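Trainee: Once you've had a glance at the structure underneath, I'll fire off some questions.
The values are calculated or read from the model by the stated rules, or taken from the named source; none is laboratory data. From a predicted model like this one, the values you see are computed outputs, not experimental measurements. Glycine also receives a Cβ, built like all others from the backbone with ideal geometry; neighbour counts cover every protein chain displayed.
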């Protein structure tokens with residue numbers, strides 16, 4: 001989908017907000033793509049964030065998906081706004097294994113009070129890219 005942003009400086013807004021996130025720093029995550037209504041975040045698969053079988057922990061998957069979806073929403077909001085997650089549902093589809101996880105967040109329906117979002121998470125293992133999770137959720141715009 002193509003959306004028009006209400007913030008001509010949305011890229012700076014999103015990048016500054018992302019840089020302030022301690023959780024993303026802890027995960028060594030990076031913002032790898034950004035367009036109005038879309039954000040993509042990647043993080044290496046680190047054994048410190050694995051579950052007992054060595055796969056990516058669901059908490060890691062959720063954190064990346066939630067953050068990518070939130071920044072997809074923020075990219076459409078007017079200046080002076082931030083976002084808060086209100087409701088999220090994560091469907092785990094396959095174990096996360098490989099070198100890194102990539103979460104691609106997208107706005108489904110923007111609104112003034114609620115923004116409906118999704119994020120698809122992929123595990124990259126060499127040339128293979130496996131769809132490991134899908135998140136659906138609601139983001140609340142907040143004036144700051």
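Trainee: Somewhere in segment 8-25, is a residue within 20 Å of residue 134 (Cα to Cα) and surrounded by 15 or more Cβ atoms within 10 Å (Cβ to Cβ)?
Mentor: As a first pass, look at segment 8-25 and keep what is within 20 Å of residue 134 (Cα to Cα): 24.
Adding the requirement that they be surrounded by 15 or more Cβ atoms within 10 Å (Cβ to Cβ) leaves 24.
Scanning segment 8-25, I find at least one residue that is within 20 Å of residue 134 (Cα to Cα) and surrounded by 15 or more Cβ atoms within 10 Å (Cβ to Cβ), so the answer is yes.
Trainee: Which residues, taken from segment 12-28, are touching a strand residue (DSSP E or B) at 6+ places or on another chain (Cβ under 8 Å) and free of Cβ contacts under 8 Å to residues at least 60 places away in the same chain? If you could, list the steps in order and put the result at the bottom.
Mentor: Filtering segment 12-28 down to residues touching a strand residue (DSSP E or B) at 6+ places or on another chain (Cβ under 8 Å) leaves 14-15, 17-18, 24, 27-28.
Across segment 12-28, the qualifying residues are 15, 18, 24, 27, 28.
Trainee: Quickly run through segment 109-119 and pick out the residues that are without any contact (Cβ under 8 Å) to a residue 40 or more places away in the chain and either within 16 Å of residue 87 (Cα to Cα) or surrounded by 16 or more Cβ atoms within 10 Å (Cβ to Cβ) (or both).
Mentor: If the condition is that a residue be without any contact (Cβ under 8 Å) to a residue 40 or more places away in the chain and either within 16 Å of residue 87 (Cα to Cα) or surrounded by 16 or more Cβ atoms within 10 Å (Cβ to Cβ) (or both), then 109, 111, 113, 114, 116 are the ones that fit.
Trainee: Looking for something farther than 19 Å from residue 46 by Cα and at pLDDT below 95 - is there at least one such residue anywhere in segment 93-103? Please lay out each step first, then the result.
Mentor: Taking segment 93-103 and keeping what is farther than 19 Å from residue 46 by Cα, we get 93.
Then drop every residue that is not at pLDDT below 95, which leaves none.
Looking for residues that are farther than 19 Å from residue 46 by Cα and at pLDDT below 95, one finds none in segment 93-103, hence no.
Trainee: Answer with yes or no whether residue 1 is out of contact with any helix residue (DSSP H, G or I) (no Cβ under 9 Å at 6 or more places or on another chain), farther than 17 Å from residue 141 by Cβ, in contact (Cβ under 8 Å) with a residue 12 or more places away in the chain and loosely packed, with under 14 Cβ neighbours inside 10 Å.
Mentor: yes
Trainee: Just to verify a result, which residue in segment 70-107, among those that are in contact (Cβ under 8 Å) with a residue 60 or more places away in the chain and surrounded by fewer than 18 Cβ atoms within 10 Å (Cβ to Cβ), is nearest to residue 137 (Cα to Cα)? Write out each step before concluding.
Mentor: As a first pass, look at segment 70-107 and keep what is in contact (Cβ under 8 Å) with a residue 60 or more places away in the chain: 70, 73-82, 102-107.
This time we only want the ones that are surrounded by fewer than 18 Cβ atoms within 10 Å (Cβ to Cβ), so: 78-82.
On the way: 78: 20, 79: 23, 80: 22, 81: 19, 82: 16 Å.
Ranking the candidates gives 82 first.
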